[in-house]
Structures are given as structure tokens and as C-alpha cells.
Amino acid sequence: MLANLFMNIIDAHNLACPIDGKSLEHIDKQFVCENGHTYDIARQGYVNLLPVQYKRSKEPGDSKVMVSARTQFLDTGVYQPIGAVVNELVLEQIINDKDVCIMDAGCGEGYYFNSLLNFLSDDSRETNLSLVGLDISKDAIIQSTKRNKRISWVVGTNRQPPVLEKSVDIILCMFGFLSIDAFSKLLKPGGKIILVEPASRHLQELRKIIYPEVRTKSLSVNNLLKDSGFSLLKTEALHYNVKLSSNDQINHLLVMTPHFYRASKEGREAACKLQEIDITIDVNFSVLQKTSDA
Ligand SMILES: C[S@@+](CC[C@H](N)C(=O)[O-])C[C@H]1O[C@@H](n2cnc3c(N)ncnc32)[C@H](O)[C@@H]1O
């Protein structure tokens, strides 16, 4: 008989009750903790672990319009090279572990996590792999469920992720909200954060149109790491140019980025009328390793 030559994708068994932090057990169509708190699994297959007291607005996170714009833009493949770098970085971190849990913290509409799962599924290691896709936006998580049913999709916050302490091997934080203390608690000793951030020239051509003045300084990861209990293991940079050649594609990119909402009315109107534009993609990747508890 042939041995299983591929990674074994399993459901996440490390979800935690957002109220008391106890382990959640999957029973029928619910997750239940030992203190009797119950969370229904929605018909789309996700679970909402964001209690009302953790919400800072009625519908936190990206709106349905932003989520839809992001899906339409990402599906054109312009950011595919970013996903390819992340996939390789993750694979490098999975040595020969038997059980690996990866969390995408602020996973958006699931584009990158779906690409990662498809990439890792073909790997020949005998690893039990579970993936937790977490986002505070219910609309983003509903969209994510359409991309892949084998990922455990969860509505929740990066501030207090509903996941058991020391149960995660790798956390992806892509263009999102880094919550370094909370992430440290979730990671196993030696666990990693893969941080993906825009670098100074990212989308500079669009920014020149929508802002009167363009800032060119990007965040220094070294400042972030001071006294954090993490060390910088590796950095990588990706830089390329692409022509966006339809008004729809340009508008989807605008609507999915925070720039659109920060821009002046005139800047926004000028950008929305564009029929084509050459843009720079400029992205930094950092692999951080947990060296001590937060
Ligand atoms: C710029 S988008 C990036 C999405 C995805 N990582 C990507 O690159 O396509 C940021 C995401 O973070 C989510 N978000 C914002 N605050 C959050 C929080 N406190 N916890 C979890 N997700 C959050 C938003 O809903 C949104 O989906």
C-alpha cells in the first residue's frame, strides 16, 4: 500500500472560548467550552468568536464593499508574487514537525491563506496541518469560506485571538494589525511571525494622485522588536512594476486600501477616473522568532 505522501490537512483543535479562554470542543454544529459557552457554526462553515464586548463598532473591520473590491482585485493576480514569497517563507519554517498550526491574523477575504493551503497540500512531508483564518470582519470571513472549506475560518480579533496559548507555530500578519503581545501568547516556544508590510515605494504612483504630499518612510521592524521577546530571523524584499489597464481594476485597488478613505475628495475623484496606470509594488517581509514569553 502506498504511504500518504501529502500533508494531512485537519480542522483546528486549538480554538478557545473568547470569554474564559477554555478549550472549545466541536460538537455537532457548535463549539462548546467546559463552562457551557456555545458558539454556532454558521451555514457557510465559519464560527463567530467575537463577543459584543470586544467590538468597537457595530460592524468592525473591512466592509462588504471593501471585501468585494479586494476579492476582485486579488483575483486579477497582480499580488500573486507576494503570495508566492509568503508560501516559500512558510515552507522553510516547517521542518519535520508532526503537527503544525498556522494562523493568518487579519486574513481578509482569504486569498493568501487559500493560496498557501494549495501550495502546502502538495508537499510530501507527513505533517498534520491545521489553518486558522482570523478576521474581525464578518463579511471578510464569509467571503473566505467561499475560497476554501478546509481552513478553520473564525471571526475574532487580533487583540485577543480566540486560540489556546502556545498552540500556534506560525502567524501570518499581512498588511494588517500586528498585536505582538497577543501573538506571543499564542505561539509555541520558538514560534514565528511572518510580517508583510508595504515598503516606501508601494503604490507610489496612486498615492501621488490622491495625496497632496507623499510620505516615503516605511516602518522599521527593528523599532517594533525592542523588548518584544522576538528576534529578527530573516528579511526579504519584493519590488516590481505592473500596468493596471482598466478603470474597474484601479477602482478595486483604491477601494480595498486605507488610502482611499484617507484621501482628499479631489484626489479620490481624480484616481477614480483613471483608465490605466503603471504602479510599483514594493513589499517587505520579516520573519520574527519568539525568543521569550511576553
Ligand atoms: C488591509 S486588510 C488585509 C487583509 C489580508 N491580510 C490581505 O492582505 O489581503 C486588513 C484586514 O484586517 C482586518 N482587521 C482590522 N482590525 C482587526 C483586528 N483587530 N483583528 C483582526 N482583524 C482585523 C480587516 O477586517 C481587514 O480584513
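Quick rundown of the values:
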{"read-out": "Residue within the stretch 73-86 that is more than 14 Å from the ligand (Cβ to nearest atom) and open to solvent by less than 10 Å² (accessible area, probe 1.4 Å) present", "value": "no"}
{"read-out": "Some residue of the stretch 251-266 being basic (Lys, Arg) and in contact (Cβ under 8 Å) with a residue 60 or more places away in the chain", "value": "no"}
{"read-out": "From Val283, Val242, residue being within 21 Å of the chain's Cα centre (by Cα) and touching a residue at least 60 places away in the same chain (Cβ under 8 Å)", "value": "Val283"}
{"read-out": "Some residue of the stretch 63-70 being surrounded by fewer than 16 Cβ atoms within 10 Å (Cβ to Cβ) and away from the ligand (no atom under 14 Å from the Cβ)", "value": "no"}
{"read-out": "Residues of the stretch 133-185 satisfying the condition of being among the charged types (D, E, K, R) and either within 12 Å of the ligand (Cβ to nearest atom) or at positive phi (or both)", "value": "Asp135, Lys138, Asp139, Arg147, Arg159, Lys166"}
{"read-out": "Residues within the stretch 13-61 that are open to solvent by less than 40 Å² (accessible area, probe 1.4 Å), among the hydrophobic types (A, V, I, L, M, F, W, C) and not in a strand (DSSP E or B), tallied", "value": "6"}
{"read-out": "Test: residue in the stretch 117-129 that is among the small types (Gly, Ala, Ser) and either within 8 Å of the ligand (Cβ to nearest atom) or more than 21 Å from Phe31 (Cβ to Cβ) (or both)", "value": "yes"}
{"read-out": "Residue pairs meeting the criteria (Cβ under 8 Å; at least 6 apart or on separate chains; first farther than 14 Å from Pro162 by Cβ and among the charged types (D, E, K, R), in the stretch 25-44; second open to solvent by less than 70 Å² (accessible area, probe 1.4 Å) and modelled with pLDDT of 95 or more)", "value": "Lys29/Ile41; Glu34/Ser23; Asp40/Gln30; Asp40/Val47; Asp40/Asn48"}
{"read-out": "Hits in the stretch 212-271 - residues which are of a type in the set (Lys, Arg) and either modelled with pLDDT of 90 or more or open to solvent by less than 80 Å² (accessible area, probe 1.4 Å) (or both)", "value": "Lys234, Lys243, Arg268"}
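Condition check ((1) assigned to a loop (DSSP other than H, G, I, E, B); (2) without any contact (Cβ under 8 Å) to a residue 40 or more places away in the chain; (3) crowded, with 20+ Cβ neighbours inside 10 Å) across all residues:
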| site | (1), (2), (3) |
| --- | --- |
| Phe177 | yes, no, no |
| Pro189 | no, no, no |
| Ile193 | no, no, yes |
| Glu197 | no, no, no |
| Ser200 | yes, no, no |
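The values are calculated or read from the model by the stated rules, or taken from the named source; none is laboratory data. As the structure is a prediction and not an experimental result, all values here were calculated from the model. Glycine gets a Cβ as well: all are built from the backbone with ideal geometry, and neighbour counts include every protein chain shown. Accessible surface is based on the protein model in full, side chains and every heavy atom, while ligands, DNA and RNA are left aside. Shrake-Rupley method; radii C 1.70, N 1.55, O 1.52, S 1.80 Å.
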